[in-house]
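The next block holds one structure in the form of structure tokens; read it before the comments.
No value in this document is a laboratory result; all are computed from the given coordinates. Everything numeric in this text was worked out from a predicted model, so none of it was measured. When we count neighbours, we look across all protein chains shown, and the Cβ atoms used for this are built from the backbone with ideal geometry, even at glycine.
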Amino acid sequence: MRTVGIIISMLIIGVVSTQIFRLYTQNIDLKKTADKLGTDIENISKENQQLLSDLNYFNNTENLEKELREKLNLKNPGEQLLIIVPSKATSTQ
């Protein structure tokens, strides 16, 4: 009878130990996930600040016109567009 009690106690200790180990590993995984999400939040916040800065920049019509002229070669009516092409370097080899 005493042997049966010891065996049942050992089984209970084994099951509880297994559950504690699972909870411990799950806790470690959750901490890693939380750290990654924290890093993601920081990166998205930085990107959001940059986008707000860009939005403020482009809300200024002078800046918008400057960028359109530089990037898309746009011109106002009556203006002429001059494109300077760099000369190719000649080699003597």
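A few remarks follow.
- The number of Lys pairs in the chain with C-alpha atoms less than 30 Å apart, excluding pairs fewer than 8 positions apart on the same chain, is 9.
- Crossing angle, helix 2-59 versus the chain [Cα axis fit, 0-90 degrees, rounded to tens]: 10
- A cut-off under 12 angstrom between Cβ atoms defines the neighbours of residue 53, and their net charge, with Lys, Arg +1 and Asp, Glu -1, is -1.
- For the chain, a simple Cβ point-charge model (Lys and Arg +1, Asp and Glu -1, everything else neutral) yields a dipole of about 600 debye relative to the Cα centre.
- Selection from 68, 11, 49 lying farthest towards where the dipole of the stretch 2-72 points positive, charges on Cβ: 11
- Rounded to the nearest 500, the 222 nm mean residue ellipticity of the chain from helices alone is -27500 deg cm²/dmol, with -39,500 (n - 2.57) taken per DSSP H run of at least 4 residues.
- Matching label, Cα Rg over 2.2 N^0.38 Å computed from the structure shown, candidates [x] 1.20; [y] 2.75; [z] 1.05: [y]
- Between 0 and 90 degrees, the angle of helix 61-72 with respect to the longest Cα principal axis of the chain falls at about 90 degrees.
- In nm, spacing of pseudo-spin labels at residue 35 and residue 48 (7 Å Cα→C-beta vector): 2.4
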